[in-house]
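This report refers to the structure that appears directly beneath it.
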Amino acid sequence: MLHFLRNLGPGLITGAADDDPSGISTYSVAGATTGLSTLWLALITTPMMAVIQGMCARIGMVSGVGLAAVMRAHFPRWLAFALAGTVIVANTFNIGADLAGMAASAHMVAGLPVLLWVVAFAVLLVLTEFYCSYRLLCDIFKWLAATLFAYVVTAFTVHPDWWLILRHAVIPEFHTDGHWITTVVGVLGTTISPYLFFWQSSLMVEEEKERGRTTIAQRKGATPAEIADAHSDVNTGMIYSNLVMFFIIATTAVTLGAHGKHNIATAQDAAEALRPLAGNFAYLLFTLGMVGTGLLAIPVLAGSSAYVAADMLRFHAGLAETPRRAPRFYAILGAGIVLGMLLNIVGIDPIKALFWSAVCNGVAAVPLIFAIVTIASDRKLMGRWVSSPLARFWGWLTFALMGAAAVGMFVFWNQQ
């Protein structure tokens, strides 16, 4: 058990960062507008996330470099750069949306102007990423992951019908209206998010560097024990992430959805609507959870963009490095947070785009999953750690499900 707890790191951080303010808003909208009909997605996406993130972790460990660097070497230059650019742009808007979500939540609880909170959080996050060591950052991120328990506790405070929830969790249901399918794409997009793929593989490289393996040649390959530890960490993170998703959808469905409060667009709307139905305690848990998850997710988003850029443009990178040793890496990391802050200052309301950014992520993830499964199945690159037939099955199933959901969204668009 002690070994298991000490081993928790990149996988747990990645899983917790998946439940960012954008994700919480998307899950809240899903529960309030479609009830419990999307709850089964939490069950089926758990092995999908675990397999895809496990592939990303193994790619980083076996190749010794991040996912973007592997894609650059194995795919046409135009395709690799197009996918990388899409991820960086999406991350920047997501940072802006998450800052807005955190600021709105802090304003609801503690007052002070929203823009003041936006600037304060942005400055805090930039300073933290620039001046904290990699090991300290990992420790901070792991403690912030505990804030997601707020959403588990909230579900129990509303006293739902657990048998009804269990039935919807294990029996899939489908609807052919445009809104329901778009909601499914949004849930899938914010759960199986592109930025997590790059972050996971890059963090595995950082862990290798922490062990003194400073060159690519030293990092290539992995022992059975290292692979087992990586999968244990990743599986724990993905189960934790989807457990939180499950409870958020369930909470908003049995309160807001059941009482006809369907007109919500953000987690703040959900918290305000939850207050008269479930009390101040549930309201505070739901609201303050947004701040904690944002403090974890924004560094992951900005870091993911910086790692992608460094791998594609081949410059020195790493959270274990200082800003003086990796100036371009930290410049892109800081620019992502600053641009997210500016989106709020200039009057663009990123909160309204939270749900749609998740939908866009759901579409963008499809070609990236294809690339990941293809790379992880390449025996020449992966050697003995090539994906198993079962892992490939789940990988291609994930690709097929997300692709079908994206196509269905466009087919039934006019029925919304």
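The values are calculated or read from the model by the stated rules, or taken from the named source; none is laboratory data. Worth saying up front: this structure is predicted, and the values here are computed from it rather than measured. As a convention, Cβ positions derive from the backbone with ideal geometry for all residues, glycine included, and neighbour counts pool all protein chains shown. These area figures cover heavy atoms from the full protein model, side chains too; ligands, DNA and RNA do not enter into them. Shrake-Rupley method; radii C 1.70, N 1.55, O 1.52, S 1.80 Å.
Some points to look at:
- The listed residue being surrounded by fewer than 24 Cβ atoms within 10 Å (Cβ to Cβ) and charged (D, E, K, R), out of Arg58, Arg77: Arg77
- Among the residues of region 200-229, just one is of a type in the set (Lys, Arg), under 23 Å from Pro299 (Cβ atoms) and surrounded by fewer than 17 Cβ atoms within 10 Å (Cβ to Cβ), namely Arg211.
- Within region 157-169, one or more residues are over 30 Å from Gly85 (Cβ atoms), assigned to a loop (DSSP other than H, G, I, E, B), hydrophobic (A, V, I, L, M, F, W, C) and touching a helix residue (DSSP H, G or I) at 6+ places or on another chain (Cβ under 6 Å).
- The listed residue being without any contact (Cβ under 8 Å) to a residue 40 or more places away in the chain, outside any loop (DSSP other than H, G, I, E, B) and more than 19 Å from Leu41 (Cα to Cα), out of Ala225, Ala230, Ala217, Ala271: Ala225
- Elements of type helices (runs of 4 or more DSSP H) contained in region 59-142, each with 2 or more residues being modelled with pLDDT of 85 or more, closer than 13 Å to Gly340 by Cβ and touching a Phe, Trp or Tyr at 6+ places or on another chain (Cβ under 9 Å): 77-110
Yes/no matrix, rows are residues, columns are (1) closer than 22 Å to Val187 by Cα; (2) within 21 Å of the chain's Cα centre (by Cα); (3) modelled with pLDDT under 90; (4) among the basic types (Lys, Arg):
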position: Leu313; (1), (2), (3), (4): no, no, no, no
position: Ile332; (1), (2), (3), (4): no, yes, no, no
position: Ala400; (1), (2), (3), (4): yes, yes, no, no
position: Gly408; (1), (2), (3), (4): yes, no, yes, no
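- When Ile239 is tested against the conditions (1) within 12 Å of Thr14 (Cα to Cα); (2) open to solvent by less than 50 Å² (accessible area, probe 1.4 Å), the lone failure is (2).
- For region 26-42, a residue qualifies if it is crowded, with 24+ Cβ neighbours inside 10 Å and over 15 Å from Lys261 (Cβ atoms), and the qualifying residues are Thr26, Tyr27, Thr38, Leu39, Leu41.
Residue-wise test of (1) closer than 13 Å to Ile52 by Cβ; (2) open to solvent by 60 Å² or more (accessible area, probe 1.4 Å); (3) not basic (Lys, Arg).
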| site | (1), (2), (3) |
| --- | --- |
| Val363 | no, no, yes |
| Ile369 | yes, no, yes |
| Ile372 | yes, no, yes |
| Ile375 | yes, no, yes |
| Trp385 | no, no, yes |
| Pro389 | no, yes, yes |
| Phe393 | yes, yes, yes |
| Ala406 | no, no, yes |
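- Verdict on Arg6 being among the charged types (D, E, K, R), open to solvent by 10 Å² or more (accessible area, probe 1.4 Å) and touching a residue at least 12 places away in the same chain (Cβ under 8 Å): no
- If the condition is being of a type in the set (Gly, Ala, Ser) and in contact (Cβ under 8 Å) with a residue 12 or more places away in the chain, then region 33-77 contributes Gly35, Ser37, Ala42, Ala50, Gly54, Ala57, Gly60, Ser63, Gly64, Gly66, Ala68, Ala69.
- Restricting region 125-165 to residues that are more than 24 Å from the chain's Cα centre (by Cα), hydrophobic (A, V, I, L, M, F, W, C) and farther than 22 Å from Leu288 by Cα leaves a set whose member that is surrounded by the most Cβ atoms within 10 Å (Cβ to Cβ) is Ile165.
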